[in-house]
Amino acid sequence: MNIIFLGPPGAGKGTHANIISAKYQIPHISTGDILRMAIANQTETGLRAKEYMDKGQLVPDQVVIDIVKERLAMADCADGYILDGFPRTVAQAEELGTFAKIDVALNLMASDQLLVERLSGRLVCPLCGAPYRISALGGDLTCRVDSTPLILREDDKPETVDKRLEVYHEKTAPLIDYYGKLGLLRNVAIDGGTGEDIPVETVAERISKALEEFA
Ligand code: AMP
């Protein structure tokens, strides 16, 4: 099963891609994680990407396309994969279509208000990337997996969050229509219907159900 996780920043793409990756034993490929790793390793790509990422802008299409093309050619992708955060523009989607066969594009839907609340209330582990809601941490601001002190992602700072949502609406939201027309779109609401947050487990159940027909 080759899956795309679509959706705005803060919708929980990373969290749910991890859950589905474990369930179906297929790799979770996050272009954001790959780019952050490249920044940490101070590679040429990383240094170039950082300028865009810190401002909440998209990294140029060709940079991420090359990354994904190389990653999907690896042996562990032979039985399926989950793309999280790619494609993010119609140009990326069109290019992806030339070297991959996508089975389903799962769209996580949320209101902007909920996303802003989530992103500005989120800390991540700088080592393993796990995200946490500050309100759920109960004062212990360390990673539950590896005990590393959690940090606020540079691009989760309030001024950058607004920019990321603006970029999402302008560049990425058109992909909903794009995959809808291809008949590959499945929508999953990540709120309770009136914009309120709901438990991760409830969303995970909705996602599993939406994917059942493809498994
Ligand atoms: P994410 O962790 O998916 O929210 O990505 C963090 C940042 O990495 C984004 O705000 C972009 O600057 C960059 N990025 C990740 N994936 C892509 C992509 N497919 N196209 C362009 N930029 C991307």
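Residue-by-condition table, conditions (1) among the charged types (D, E, K, R); (2) at pLDDT 95 or above; (3) at positive phi:
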residue	(1), (2), (3)
33	yes, no, no
69	yes, yes, no
78	no, yes, no
85	no, yes, yes
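For residue 60, the stated conditions hold: it is surrounded by fewer than 16 Cβ atoms within 10 Å (Cβ to Cβ) and within 11 Å of the ligand (Cβ to nearest atom). All of 49, 40 fail the test of being within 9 Å of the ligand (Cβ to nearest atom) and farther than 27 Å from residue 111 by Cβ, apart from 49. Taking strands (runs of 3 or more DSSP E) as the structural unit, those lying wholly within the range 88-171 and holding at least 2 residues that are away from the ligand (no atom under 13 Å from the Cβ), in contact (Cβ under 8 Å) with a residue 12 or more places away in the chain and surrounded by 15 or more Cβ atoms within 10 Å (Cβ to Cβ) correspond to 104-109.
Within the range 57-73, the set of residues being touching a residue at least 12 places away in the same chain (Cβ under 8 Å), of a type in the set (A, V, I, L, M, F, W, C) and part of a loop (DSSP other than H, G, I, E, B) comprises 58, 59.
Tell me, please, whether a residue that is closer than 23 Å to residue 93 by Cα and not aliphatic (A, V, I, L, M) can be found in the range 185-200.
Within the range 185-200, one or more residues are closer than 23 Å to residue 93 by Cα and not aliphatic (A, V, I, L, M).
Tallying residues that are in contact with a strand residue (DSSP E or B) (Cβ under 9 Å, 6 or more places away or on another chain) and either hydroxyl-bearing (Ser, Thr, Tyr) or more than 20 Å from residue 49 (Cα to Cα) (or both) within the range 126-150 yields 13.
Restricted to the range 74-87, and to residues there that are in contact (Cβ under 8 Å) with a residue 60 or more places away in the chain and more than 26 Å from residue 48 (Cα to Cα), the residue that is surrounded by the fewest Cβ atoms within 10 Å (Cβ to Cβ) is 80. Give the residue that is surrounded by the fewest Cβ atoms within 10 Å (Cβ to Cβ), with candidates limited to residues of the range 178-202 that are touching a strand residue (DSSP E or B) at 6+ places or on another chain (Cβ under 7 Å) and within 17 Å of residue 133 (Cα to Cα). That would be 198. Each residue in the range 38-56 was checked for being in contact (Cβ under 8 Å) with a residue 40 or more places away in the chain and assigned to a loop (DSSP other than H, G, I, E, B), and 3 of them qualify. Could you please give the count of residues in the range 12-37 that are outside any helix (DSSP H, G or I) and within 10 Å of the ligand (Cβ to nearest atom)? Selection size over the range 12-37: 1.
The values are calculated or read from the model by the stated rules, or taken from the named source; none is laboratory data. What you are looking at is a predicted structure, and each value in this text was computed from that prediction instead of being measured. All Cβ positions, glycine included, derive from the backbone under ideal geometry; neighbour counts span all protein chains shown.
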